[in-house]
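Undergrad: One structure is given below, represented as C-alpha cells, and several questions about it will come after.
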Amino acid sequence: MARAATIHVCSDCGHTEPRWHGQCAGCGAWNTLVEEAAPPKATAGGGRGAGRARGSTNAALARTPTALRDVHAEQTKRLHTSIGELDRVLGGGLVPGSLVLLGGSPGIGKSTLTNMALGHLAQAGHKTLYVTGEESAAQVRLRAERLGPGALDVPIVAETDLDAVIATLDAERPAACVIDSVQTLHAPDLTGAPGSVGQVREVASRIMGVAKANGTAVILVGHVTKEGALAGPRVLEHLVDCVLQFEGERERTYRTLRALKNRFGSTNEAGVFEMRSGGLVEVLDASARFVGEATGKPGSVVLAAMEGSRPLLVEVQALVSPSELVPPRRVVTGIDRNRLALVLAVLGRHGGIGTGTADVFVNVVGGVRVDEPGADLAVALAIASAQKGVALGTPERPLAAFGEVGLTGELRSVGHPDRRQEEAAKFGLADVVAPPRVTSLRAALRAAFATAREEGPVRAA
Ligand code: TYD
Ligand code: MG
C-alpha cells in the first residue's frame with residue numbers, strides 16, 4: 001500500500017493546507033494546523049463521490065430507517081477485571097470492542113493498574129495483550145514480578161509503530177488489550193512527532209477500527225500535562241467510549257480513579273486505591289483510615305464528602321500563619337483554589353474571621369481531591385479552628401462537617417445529606433455540623449466552637 005498523503009487541518013476553523021504553516025490562512029490563528037491523513041480521493045468512475053452532482057439525489061443510496069424498538073441490541077457480556085474498584089468505575093467491567101482512555105500523571109500507577117487488570121483477565125482464561133511503547137518488555141516484566149502471578153501471564157509486545165500494532169491486534173484478536181501509551185505510538189504515514197495531536201488522533205482512530213472489528217476491549221494509557229489536561233489526548237475524549245482519570249499525589253499512597261466520561265455507565269463513580277509494594281490495593285475502608293488518622297488538632301476538621309455515589313470521610317487541615325508577603329500565600333491541595341478564595345471572603349465578611357494578611361494553607365489529607373462545593377464548610381471551619389488555635393471536637397471524635405457556603409453567609413444543602421450523615425455516624429461522629437440543621441456560616445461556627453475542648457487556645461507567639 002502506498003503511503004497515504006497528508007494534509008494539515010486547522011483545529012480552530014477546519015481550513016486545510018497541503019503543508020504546515022505557523023499561521024492558519026483561513027482564520028489567522030497561530031499554531032493550530034494539525035497533520036492528518038488525507039481523505040482518500042474519489043477516482044473517476046468509482047468511489048462515493050462519482051456521478052453525484054451537488055444537489056442531485058441518488059435513490060440507490062437511500063437507507064430504510066428502523067424503529068428503535070426493532071433495533072437488535074445485544075446485551076454484551078462485560079469482561080470483569082477482578083479489580084472491584086476499576087470494574088465499578090467502568091460501569092461493571094470492560095465492554096468488548098470499546099475504547100477506554102486512562103489518563104494520569106507519570107508515576108501515578110497507570111501501567112501497574114492496567115498490567116494487574118490484564119493479569120486477572122488472563123488468569124480467567126481471556127486472551128490479553130499488553131503493548132508497551134514506553135518501557136522495554138524487560139522493564140514491564142520486572143514490574144509484573146511484583147504484581148502477583150497473573151500479571152506474568154500477560155503476553156507483551158514492545159512496539160511503537162502503529163502499523164505493526166494494528167497488524168498484531170488483527171492477528172492475535174485479544175479480548176482485552178492495553179496500549180501503554182497512546183503518546184508513544186506513531187503512524188508512519190504522518191510526519192508529526194509521536195504524541196502530537198495529529199498522531200494521537202490517528203493512532204486512536206485506527207486502533208478503534210480494529211478494536212470494534214474484533215471485539216477487543218482496548219485501554220489506551222495517556223499522560224496528563226501539568227495543567228491536568230490529557231496532553232494531546234484531549235482530542236480523543238469525544239472519540240473514546242470512556243475516559244478514566246487516575247489521580248493523587250505521587251509521593252502519597254492514595255490514588256483515586258474517576259470516570260470523566262462513560263458511554264456504558266455513570267460518571268459519578270470513583271474508586272480509591274493504595275500503592276503498596278505489591279502493586280495497587282483497593283481501599284474499601286477509606287473513611288475508617290482517614291478518620292483514624294485525623295489529628296483532631298487545631299485546624300483539623302473531618303469532611304463528609306461524596307466520592308461518586310459513595311460517602312467518604314476525609315480530614316481537611318488548615319494552617320493560618322502571619323506572612324511577610326504581599327499578597328499573602330493561598331496554598332491548597334485537594335480542593336479548588338477559587339473555592340478557598342470564596343470561603344476566605346465569606347469567613348471574613350460574615351463569620352468575623354479575617355485572614356487578610358496571613359498565609360493560608362489548606363490540605364485534604366491522603367492526596368484525595370474533593371471537587372465539590374460540599375467541602376466549603378469543612379474548609380471554613382478548619383481555617384477558623386486554625387486561626388483561633390482551638391481544636392474542634394476531641395482527638396477520638398473530631399468534628400465532622402459538610403455544606404456549601406453561599407456568598408451571603410448562608411449554608412446551602414448539597415447532594416446526599418443522609419448518606420454523609422450515616423457515614424459519619426458509622427465512625428462515631430454523630431453530630432455533624434451541616435445544613436439544614438445549621439443555616440448560616442455564623443451558626444455553624446457557633447456550633448463548631450461549642451464542641452471545642454476546654455484546654456483553651458494554643459496561640460502562636
Ligand atoms: P507505574 O504504574 O509505572 O506508573 P505510570 O505508568 O502511571 O507512570 O507506577 C509507578 C510508581 O508506582 C513507581 O514510582 C513505583 C510505584 N510502585 C509501587 O510502589 N509498588 C508496586 O508494586 C509497583 C509496581 C510500583
Ligand atoms: Mg507507565
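Undergrad: Between S205 and R63, what is the label-to-label distance in nm when each label sits 7 Å out along the Cα-to-Cβ direction?
TA: Distance between label points: 1.8 nm.
Undergrad: For V332, list long-range residues whose amide hydrogen, built 1.01 Å from N in the peptide plane, is under 5 Å from its own amide hydrogen.
TA: Result for V332 returns V362.
Undergrad: Going through region 374-412, which GluC sites (Glu not before Pro) have at most 12 other Cβ atoms within 10 Å and a DSSP loop state?
TA: E396
Undergrad: If each of K77 and W20 carries a label point 7 Å out from its Cα toward its Cβ, how far apart are those two points in nm?
TA: 4.7
Undergrad: Assuming R0 = 35 Å, can you tell me the calculated FRET efficiency for the pair H238 and R419, based on Cβ-Cβ distance, to the nearest 0.05?
TA: 0.60
Undergrad: When a/c is below 1.5 the answer is rounded, else prolate if a/b is larger than b/c, else oblate, so apply that to region 233-374 with a ≥ b ≥ c taken from the square roots of the Cα gyration tensor eigenvalues. If you can, show how the numbers build up before the last one.
TA: Details: a/c = 2.13, a/b = 1.59, b/c = 1.34.
Cα axes put region 233-374 in the prolate bin.
Undergrad: Of G209, G103, G292, which is farthest towards the positive pole of the chain's charge dipole, taken about the Cα centre with +1 and -1 on the beta-carbons of Lys, Arg and Asp, Glu respectively?
TA: Toward the positive end, the furthest listed residue is G209.
Undergrad: Which values, in whole Å and largest first, are the semi-axes of the equivalent ellipsoid of region 359-461 obtained as the square root of 5 times each eigenvalue of the Cα gyration tensor? Intermediate results must be reported in sequence, preceding the final value.
TA: On the way: eigenvalues 86, 52, 44 Å².
Taking √(5λ) for each Cα gyration eigenvalue gives 21, 16, 15 Å.
Undergrad: Based on the Cβ-Cβ distance from A443 to R329, what FRET efficiency comes out when R0 is 30 Å, to the nearest 0.05?
TA: 0.50
Undergrad: Sticking with the crude label model, points 7 Å out along Cα→Cβ, report the distance from A430 to V157 in nm, one decimal please.
TA: 6.2
Undergrad: A further question follows. What ³J(HN,Hα) values, in whole Hz, does the Karplus curve 6.51 cos²θ - 1.76 cosθ + 1.60 give for region 195-204 when θ = phi - 60°, with x put for Gly and Pro?
TA: Residue by residue, region 195-204 yields x, 6, 3, x, 5, 4, 5, 5, 4, 5 Hz.
Undergrad: Computed over the Cα atoms of region 287-450, what is the convex hull's projected area averaged over all directions, in nm²?
TA: Values: hull surface 32.4 nm².
Projected over every direction and averaged, the Cα hull of region 287-450 covers 8.1 nm².
Undergrad: Quick check for me: using +1 on Lys/Arg Cβ and -1 on Asp/Glu Cβ, what's the dipole size of the chain about its Cα centre, in debye to the nearest 20?
TA: It works out to roughly 760 debye.
Undergrad: What is the chain's relative contact order, in percent, from Cα pairs under 8 angstrom and six or more apart in sequence?
TA: 12
Undergrad: Average projected area of the Cα convex hull of region 84-284, in nm²? Don't jump to the answer; show the numbers that get you there.
TA: Working: hull surface 40.6 nm².
One quarter of the hull surface, i.e. the mean projection, equals 10.2 nm².
Undergrad: Please report, in debye to the nearest 20, how large the charge dipole of region 282-341 is about its Cα centre when each Lys and Arg carries +1 at its beta carbon and each Asp and Glu carries -1 there.
TA: Working: 7 positive and 7 negative charges, 53 e Å.
Dipole magnitude for region 282-341 comes out near 260 debye.
Undergrad: Sort 428-435, 355-362, 297-304, 415-422 by the packing proxy (mean of other Cβ within 10 Å over each peptide's residues), most packed first.
TA: 297-304, 428-435, 355-362, 415-422
Undergrad: Rounded to the nearest 0.05, what FRET efficiency do S277 and K127 give with R0 = 25 Å and r taken as the Cβ-Cβ distance? Could you check? Write out the running numbers ahead of the final one.
TA: Details: r = 30 Å, r/R0 = 1.18.
In this case the efficiency is close to 0.25.
Undergrad: Specify whether the C-alpha gyration tensor of region 249-316 places it in the rounded, prolate or oblate class, a ≥ b ≥ c being the square roots of the eigenvalues: rounded for a/c under 1.5, otherwise prolate if a/b is larger than b/c and oblate if not.
TA: Since a/c reaches 1.5 but b/c is at least a/b, the shape of region 249-316 is classed as oblate.
Undergrad: Something else now. Hey, got a sec? Which trypsin sites (Lys or Arg not before Pro) in region 320-382 land in a DSSP loop and have at most 16 other Cβ atoms within 10 Å?
TA: R329
Undergrad: If you don't mind, there's one more thing I want to ask. For region 84-284, what is the charge dipole size about the Cα centre, in debye to the nearest 20, if Lys and Arg each add +1 at the Cβ and Asp and Glu each add -1 at the Cβ?
TA: The calculation lands at about 320 debye.
Undergrad: Here's something else I'd like to know. Starting from 0.36 nm per residue, how many nanometres of slack lie between A5 and A450 once their C-alpha separation is accounted for?
TA: Net length gain for the segment: 152.9 nm.
Undergrad: Could I ask something else about it? Using only Cα atoms, locate the centre of region 307-327 and the centre of region 359-420, then give the distance between them in Å, rounded to an integer.
TA: One Cα centre to the other: 8 Å.
Undergrad: Note down the Stokes-Einstein diffusion coefficient of the chain in µm²/s, whole number, using a Kirkwood radius over alpha carbon pairs, 20 °C, and 1.002 mPa s.
TA: 85
Readers should treat all values here as calculations from the given coordinates under stated rules, not as data from a laboratory. Please read these numbers as outputs of a predicted model, since none were measured by experiment. Neighbour counts are summed over all protein chains in view; Cβ atoms, including those assigned to glycine, are modelled from backbone coordinates with ideal geometry.
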